[in-house]
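*Asks:* Attaching a single structure in C-alpha cells format; questions to follow.
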C-alpha cells in the first residue's frame with residue numbers, strides 16, 4: 001500500500017465523511033441540495049481527518065510512543081518510511097487544503113465559519129502535540145465527538161441554507177458517538193503499548209473491561225438515536241432506513257465483547273468505520289426522501 005495512503009489511515013476516514021453526509025441531507029430541509037458546498041464541506045472534513053492522522057503519526061513517532069511492539073498497522077515515522085520533517089510538512093499541507101476550501105465556504109456563507117476552522121486546527125494539533133497532548137490525558141474522545149460529530153454535522157447543514165434543523169443535531173450526536181467508537185476500539189487495541197509508553201488514553205485509564213462495555217454502549221446509543229431520534233426530529237419515517245445498517249454492527253461488537261486483543265481488533269476498527277458510513281448514507285437517504 002502507498003505509504004501516504006497507509007499513513008492517512010483509511011479505516012478511520014468514515015468518521016469525517018459521515019457527519020457531512022448527514023448534515024448536508026438535513027440542511028436541504030430549507031431548500032435544494034447545493035452540490036458544490038457539499039463537496040467543499042466534505043473536502044474540509046476529510047482533510048482535517050487526514051491532518052489529525054498525520055499529526056498523530058508524527059508526534060507519536062518522535063516521542064517514541066509508536067514502537068515495533070504495537071499491535072496496529074505500522075506507522076510511517078516510527079517505521080522509518082517517512083522522515084519526521086516530511087510528515088510534519090504533510091500535516092500542514094493537509095491543513096492548508098482544509099483552510100482553502102474553508103475560506104471559499106466562509107466567503108459564500110458566513111465569515112464566522114473561519115473561527116470554527118481555526119478552532120479545528122488548534123484542536124487537531126493539540127490532540128497529540130504540544131506540551132500536554134490531550135489524547136494522552138484521556139480526552140481524545142471529547143475532541144472526536146465535538147468536531148467529528150456536532151461541529152461537522154451542524155456545519156455541513158449550515159453551509160447549505162444557513163440553518164441547522166433538529167435532525168442535524170441529533171444526527172450529529174449519532175455520528176459523533178460512532179466516531180468515538182472508532183477511536184475507542186483503536187485505543188483498546190493499543191492499551192498494552194500505550195500504557196508502557198505513558199500515553200494515558202481513556203482506554204488505559206478505565207481498563208480493558210470497561211472500555212469494551214463503553215464500545216458496545218456507544219454503538220447501541222448511536223443506532224437508537226439514529227433510528228428513533230432522527231425520524232422524530234424530521235417528522236418522517238424515511239430515516240428509519242438506518243435500521244438496515246444494524247447487521248454491520250455484529251462483527252465489531254462480537255470482536256470486542258469476545259475479548260479480542262491486539263491485531264484481532266483491527267477488523268473491528270474497519271467494521272466500525274463501515275458501520276458509521278452505512279448509518280450516514282442511510283440517514284442521508286432518509287432525510288433527502290423526507
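*Asks:* Extending each Cα 7 Å along its Cβ direction at residue 196 and residue 121, get the distance between those two points in nm, one decimal.
*Replies:* 3.8
*Asks:* Between 0 and 90 degrees, rounded to the nearest ten: what's the tilt of helix 166-189 against the longest Cα principal axis of the chain?
*Replies:* The answer is roughly 10 degrees.
*Asks:* Which order do the peptides 268-280, 33-45 take when ranked by the mean count of other beta-carbon atoms within 10 Å per residue, highest first?
*Replies:* Numbers: 268-280: 24.6, 33-45: 19.2.
Per-residue Cβ counts within 10 Å, averaged per peptide and sorted highest first, yield 268-280, 33-45.
*Asks:* Between residue 289 and residue 209, what FRET efficiency follows from the Cβ-Cβ distance if R0 is 51 Å, with the result rounded to 0.05? It would help to have the intermediate numbers written out before the result.
*Replies:* Details: r = 42 Å, r/R0 = 0.82.
FRET efficiency, residue 289 to residue 209: 0.75.
*Asks:* For residue 4 and residue 107, what is the calculated FRET efficiency with R₀ set at 30 Å and r taken between the beta-carbons, to the nearest 0.05?
*Replies:* Working: r = 30 Å, r/R0 = 0.99.
Result of the calculation: an efficiency of 0.50.
*Asks:* Between the alpha-carbon centers of the range 118-154 and the range 223-290, tell me the distance in whole angstrom.
*Replies:* So the separation of the two Cα centres works out to 23 Å.
*Asks:* With a ≥ b ≥ c taken as the square roots of the eigenvalues of the C-alpha gyration tensor of the range 16-289, please select rounded if a/c is under 1.5 and otherwise prolate if a/b is larger than b/c or oblate if it is not? Intermediate results must be reported in sequence, preceding the final value.
*Replies:* Details: a/c = 2.27, a/b = 1.26, b/c = 1.80.
It is oblate, given that a/c is not under 1.5 and a/b is not larger than b/c.
*Asks:* May I ask for the angle, rounded to the nearest 10°, between helix 202-224 and the longest principal axis of the chain, with both axes built from Cα atoms and the value confined to 0 to 90°?
*Replies:* Value to nearest ten degrees: 20.
*Asks:* Rank-order 239-248, 155-164, 205-214 by packing density, defined as the average count of other C-beta atoms within 10 Å over each peptide's residues, highest first.
*Replies:* So the order, starting with the most tightly packed, is 155-164, 239-248, 205-214.
*Asks:* Right, here's the next one. Which angle between 0 and 90 degrees, to the nearest 10, do you get for helix 266-289 versus the longest principal axis of the chain when only C-alpha atoms count?
*Replies:* Helix 266-289 sits at roughly 10 degrees to that axis.
*Asks:* Follow-up question, since we're still on this one. What FRET efficiency do you get for residue 224 and residue 89 if R0 is 35 Å and r is their Cβ-Cβ distance, rounded to the nearest 0.05? Before the final figure, lay out each step's value.
*Replies:* On the way: r = 43 Å, r/R0 = 1.23.
Efficiency computed from Cβ-Cβ geometry: 0.25.
*Asks:* For a protection proxy built on the mean count of beta-carbon atoms within 10 angstrom, sort 179-187, 134-142 highest first, please.
*Replies:* Working: 179-187: 26.7, 134-142: 19.1.
Top of the packing list down: 179-187, 134-142.
We did not get these values from a lab; they are worked out from the coordinates using the rules stated. All values derive from a computational prediction rather than experimental measurement. Positions of Cβ are generated from backbone atoms using ideal geometry, with glycine treated the same way; all protein chains shown enter the neighbour counts.
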